[in-house]
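We did not get these values from a lab; they are worked out from the coordinates using the rules stated. Keep in mind the model is a prediction, meaning the values are calculated, not measured. Neighbour counts run over all protein chains shown; Cβ positions are idealised from the backbone, glycine included.
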Amino acid sequence: MLEARGITRAFPGVVALDGVDFSLAAGEVHALMGENGAGKSTLIKVLTGALAADSGTMVLEGEGYAPSGTAAAQAAGVWAVHQEVSLLPNLSVAENLFLGMQPTRFGLIRRGEMHRMARDVLAGLDLDLDVTRLLGSYPVAVRQLVAIARAARGDARVLVLDEPTASLDAAEVEKLFALVRRLTAKGTGVILITHFLDQAYALADRFTVLRNGKLIGTRAAKDLPRLELVSMMLGKGLEEAVQRPAREAASGAVIARFRGLGRKGLVEGFDLDLSSGEAVGAAGLLGSGRTETAMLMFGATTSDKGKAEVDGSEVRIRSPRDAIRLGFGFAPEERKTDGIVGALSVRENIVLALQARAGWFRKISREKQDEIAARYIDLLGIRTPDAEKPIEQLSGGNQQKALLARWLATAPRLLILDEPTRGIDVGAHAEIVKLIEQLRDDGMALYVISSELEELAAYADRVSVMRDRKQVGMLEDVSVDAIVKAIAS
Amino acid sequence: MRKAAPQLIALGLLLLADWIVFPGFFSLSIAEGRLTGSLIDILNRGAPVALLALGMAPVIATRGIDLSVGAVMAIAGAVAAVSVEAGYPWWLAVAFALGAGLAAGLWNGALVALLEIQPIVATLVLMVAGRGIAQLITEGRIVTFTEPHLAALGSGSVIGVPVPIVIALAMVAGLTLLARRTALGLFIEAVGVNPRASRLAGINTRGLLIAAYAGSGLMAALAGVIVAADIRGADANNAGLWLELDAILAVVLGGASLFGGRLSFAMTLLGALTLQALKTGILLAGFPPEFNLVAMAAVVSVLLVVQAPTIRSRLARGRART
């Protein structure tokens with residue numbers, strides 16, 4: 001149905017796509033796989049009209065297809081739904097569904113008609129929502145479904161789903177999958193980008209793997225073993241796969257001790273001891289209060305009960321600055337809004353916390369900054385043409401590494417990581433897990449919040465389990481089974 | 001330097017145009033121990049707006065704006081004139097005026113940083129009320145004075161160079177040093193781009209915002225003193241009227257974005273000079289006065305279009321291809 005041949009697109013200094021072929025059949029789910037920076041996003045942008053290709057041809061249902069912009073692509077029936085849902089939470093569900101093409105009479109919106117049409121669309125997709133309610137009053141998962149419904153509402157022939165499940169829980173993922181299957185049954189072709197291999201296998205008929213802007217191959221899902229898929233993506237074997245090495249708990253002195261720390265309406269009081277050379281995990285569903293524990297510990301939110309001790313003496317942590325002075329570091333979950341300072345360079349992002357701790361008056365010299373940036377770019381394998389590149393132009397995994405570098409540069413004693421591997425590709429994922437293990441073994445105290453239970457089971461010495469904004473247990477004997485049971489029980 | 005290319009070219013073209021309409025444009029002479037000529041005139045007349053713009057630049061870099069600077073000029077001029085008339089020494093009168101500007105800036109900063117009121121609204125309060133405060137201080141009169149030292153701040157000269165120019169250049173140099181030699185530049189840009197992330201990285205975002213607005217108030221007061229000194233009097237109704245808009249325009253002409261994150265004092269000065277070169281050129285060209293504002297609007301539009309991100313990236317791509 002959609003056929004792209006020899007798509008090439010270069011940016012200054014990098015060829016993002018190099019003669020890539022891609023095809024999509026009607027009613028098929030075609031997963032586009034690759035590490036961050038492989039060229040997936042660029043290919044999607046070309047297919048959906050957000051970027052023009054430098055060369056190459058596209059054919060949509062037998063006709064030449066060269067959209068001049070996303071609006072033209074949508075008119076041709078090619079829609080994209082992105083990771084960050086781009087709907088308007090302050091409008092109703094129906095208004096979001098028909099934004100820009102509301103049914104009108106004499107220039108006035110026919111609200112009743114719009115609501116009726118919205119109910120039809122949602123009923124056709126088996127979604128039970130109140131179309132008059134504000135979209136913002138629904139959880140993110142529902143907004144994601146509405147975004148897809150908006151795309152599918154009209155006559156979408158090609159639907160691109162870019163990391164649609166990144167912020168969804170298992171039940172919500174099932175709901176989204178059901179919606180996708182209903183669409184493909186109607187003949188819509190779906191291009192899926194996801195870093196969850198399970199989900200890719202559950203949904204996709206074919207895989208296309210990109211690496212460094214080049215097409216590595218297109219294969220039917222049923223003929224492609226998982227191990228081979230991953231090695232196609234990485235370009236190497238998987239011998240470095242995560243394996244838990246035997247390790248005796250080498251924890252040293254307690255660095256930070258929290259007793260009954262909490263804030264009304266946010267999270268109930270929790271207890272935590274964080275020791276040198278120990279990684280403590282935090283597990284729980286979304287909204288269970290995991291992130292809030294980190295915010296309280298780091299002073300990003302002030303606590304109204306409980307107490308914190310560092311090195312045995314009681315401390316008040318009222319702001320991130322207080323926490324940083326105590327030797328804490330915190331890489332937040334929302335990388336874009338809370339982590340990176342987008343328009344600033346990789347170098348500036350890396351030295352930011354160190355400079356903030358030194359104060360405005362004692363400037364780190366430019367030579368020293370260059371040296372620090374170069375050291376961490378090398379040490380963490382941050383892929384960037386140079387340290388002066390704005391960080392927003394890096395891929396997610398590399399942004400995450402730069403954020404870790406920001407904290408490592410301050411030589412923290414306690415590092416708090418909130419979903420450090422979320423939304424990043426397989427290769428960077430493995431590197432970050434390895435880094436966490438290494439930091440732990442070097443004597444840092446770590447508190448790692450993660451939804452990836454295998455990952456927690458691999459490196460956490462203990463796991464704090466959260467449920468309904470409450471700490472419900474501390475597992476000493478860590479395994480995926482035990483965590484799942486503790487979350488569910 | 002390459003970053004400043006569009007601004008330098010714009011200023012160069014404007015000066016060239018000024019020369020075409022007024023052949024004596026580049027000639028300098030010394031009259032009564034003082035440099036004179038159109039270029040000096042541009043610098044001298046542009047100094048107050050340049051000072052306002054230098055104070056405005058950090059505020060805009062934090063994604064804020066300060067609409068009150070024109071009114072703060074009026075307050076500072078009134079304070080200086082009234083104090084010196086009341087018999088205080090000239091330096092104390094200047095100190096009072098700067099103190100008033102600082103207080104105004106702290107007020108703005110507190111509204112923005114502590115109460116988290118949107119900058120345009122927070123500073124609108126003082127933009128409207130400030131002129132009233134200035135009128136209260138002068139009791140509705142135009143307060144004139146004859147104190148020679150104070151007057152020299154507006155019309156004196158140092159080895160032939162008019163004092164306002166000396167003050168403005170000293171401020172550019174001092175602020176540039178402050179931004180380069182300390183981490184303030186980095187912090188201000190970081191807060192402008194992403195305040196949440198900056199706070200989590202340990203930057204004292206509130207203190208920084210308050211400092212930015214306080215600095216803007218201080219620079220506005222300095223400009224107000226110079227303007228009052230130049231005319232040897234404080235006119236609460238007209239001093240600094242609409243100059244907040246000139247200051248914002250100067251910062252933007254200097255290549256900054258109202259979305260914050262870019263701070264350069266040297267570029268801001270270029271922007272202020274461009275604006276003044278334009279104004280002077282229009283006067284020299286001898287258009288009927290009713291054309292002045294239209295001509296200015298046309299040139300400013302062209303300058304802003306050339307600097308617009310979409311145009312810039314298109315030009316950059318064109319260059320990369322060839």
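Just give me the residues in the stretch A:346-362 being buried (at least 20 other Cβ atoms within 10 Å of the Cβ) and either more than 7 Å from chain B (Cβ to nearest Cβ) or not small (Gly, Ala, Ser) (or both), in sequence order.
A:Val346, A:Arg347, A:Glu348, A:Asn349, A:Ile350, A:Val351, A:Leu352, A:Leu354, A:Gln355, A:Trp360
Please go through the stretch B:180-192 and give me each residue that is surrounded by 21 or more Cβ atoms within 10 Å (Cβ to Cβ) and more than 7 Å from every other protein chain (Cβ to nearest Cβ), ordered by number.
Those that are surrounded by 21 or more Cβ atoms within 10 Å (Cβ to Cβ) and more than 7 Å from every other protein chain (Cβ to nearest Cβ): B:Gly185, B:Ile188, B:Val191, B:Gly192.
Test A:Ile340 against the criterion of being surrounded by fewer than 18 Cβ atoms within 10 Å (Cβ to Cβ), among the hydrophobic types (A, V, I, L, M, F, W, C) and within 13 Å of chain B (Cβ to nearest Cβ), and give yes or no.
Judged against the criteria, A:Ile340 is not a match.
Does any residue of the stretch B:121-139 turn out to be in a loop (DSSP other than H, G, I, E, B) and surrounded by 15 or more Cβ atoms within 10 Å (Cβ to Cβ)?
Checking the stretch B:121-139: not a single residue is in a loop (DSSP other than H, G, I, E, B) and surrounded by 15 or more Cβ atoms within 10 Å (Cβ to Cβ).
Can you find a residue that is touching a residue at least 12 places away in the same chain (Cβ under 8 Å) and not in a helix (DSSP H, G or I) anywhere in the stretch B:93-110?
No; the residues of the stretch B:93-110 include none that is touching a residue at least 12 places away in the same chain (Cβ under 8 Å) and not in a helix (DSSP H, G or I).
Which one of these is closer than 17 Å to A:Arg413 by Cβ, more than 9 Å from chain B (Cβ to nearest Cβ) and surrounded by fewer than 15 Cβ atoms within 10 Å (Cβ to Cβ): A:Asp311, A:Asp304, A:Asp378, A:Asp386?
A:Asp311
Determine whether A:Gly397 is surrounded by 22 or more Cβ atoms within 10 Å (Cβ to Cβ), in contact (Cβ under 8 Å) with a residue 40 or more places away in the chain and within 13 Å of chain B (Cβ to nearest Cβ).
no
Yes or no: B:Pro119 away from chain A (no Cβ under 14 Å) and at negative phi?
Answer is yes for this residue.
For the stretch A:317-334, enumerate the residues that are outside any loop (DSSP other than H, G, I, E, B) and without any contact (Cβ under 8 Å) to a residue 24 or more places away in the chain.
Listed by number, the residues that qualify are A:Pro320, A:Asp322.
Identify all residues within the stretch B:18-55 that are part of a helix (DSSP H, G or I) and hydroxyl-bearing (Ser, Thr, Tyr); write none if there are none.
Listed by number, the list holds a single entry, B:Ser38.
Confirm whether A:Thr410 is surrounded by 22 or more Cβ atoms within 10 Å (Cβ to Cβ), hydroxyl-bearing (Ser, Thr, Tyr) and in contact with a strand residue (DSSP E or B) (Cβ under 7 Å, 6 or more places away or on another chain).
For A:Thr410, the condition - surrounded by 22 or more Cβ atoms within 10 Å (Cβ to Cβ), hydroxyl-bearing (Ser, Thr, Tyr) and in contact with a strand residue (DSSP E or B) (Cβ under 7 Å, 6 or more places away or on another chain) - is met.
Would the stretch B:52-68 turn up any residue that is within 13 Å of B:Gly281 (Cβ to Cβ) and surrounded by fewer than 24 Cβ atoms within 10 Å (Cβ to Cβ)?
no
Does the stretch B:154-183 hold any residues that are in a helix (DSSP H, G or I), more than 30 Å from B:Leu28 (Cβ to Cβ) and without any contact (Cβ under 8 Å) to a residue 60 or more places away in the chain, and which are they?
Within the stretch B:154-183, B:Leu178, B:Arg180, B:Arg181 meet the criteria.
With more than 7 Å from chain A (Cβ to nearest Cβ), farther than 30 Å from A:Met297 by Cβ and buried (at least 24 other Cβ atoms within 10 Å of the Cβ) as the only criterion, which of B:Ala168, B:Ala173 stands out?
Among B:Ala168, B:Ala173, only B:Ala168 is more than 7 Å from chain A (Cβ to nearest Cβ), farther than 30 Å from A:Met297 by Cβ and buried (at least 24 other Cβ atoms within 10 Å of the Cβ).
Which of the residues belonging to the stretch A:1-34 are charged (D, E, K, R) and over 20 Å from A:Glu61 (Cα atoms)?
Selection gives A:Arg9, A:Asp18.
Hey, among the residues in the stretch A:314-334 that are more than 10 Å from chain B (Cβ to nearest Cβ) and of a type in the set (A, V, I, L, M), which one's surrounded by the most Cβ atoms within 10 Å (Cβ to Cβ)?
Restricting to residues being more than 10 Å from chain B (Cβ to nearest Cβ) and of a type in the set (A, V, I, L, M), the top hit is A:Ile317.
Any residue in the stretch A:421-441 that is within 14 Å of chain B (Cβ to nearest Cβ) and either free of Cβ contacts under 8 Å to residues at least 12 places away in the same chain or in contact with a Phe, Trp or Tyr (Cβ under 7 Å, 6 or more places away or on another chain) (or both)?
No.
In this structure, does B:Glu116 turn out to be closer than 27 Å to B:Ala211 by Cα and of a type in the set (Asp, Glu)?
yes
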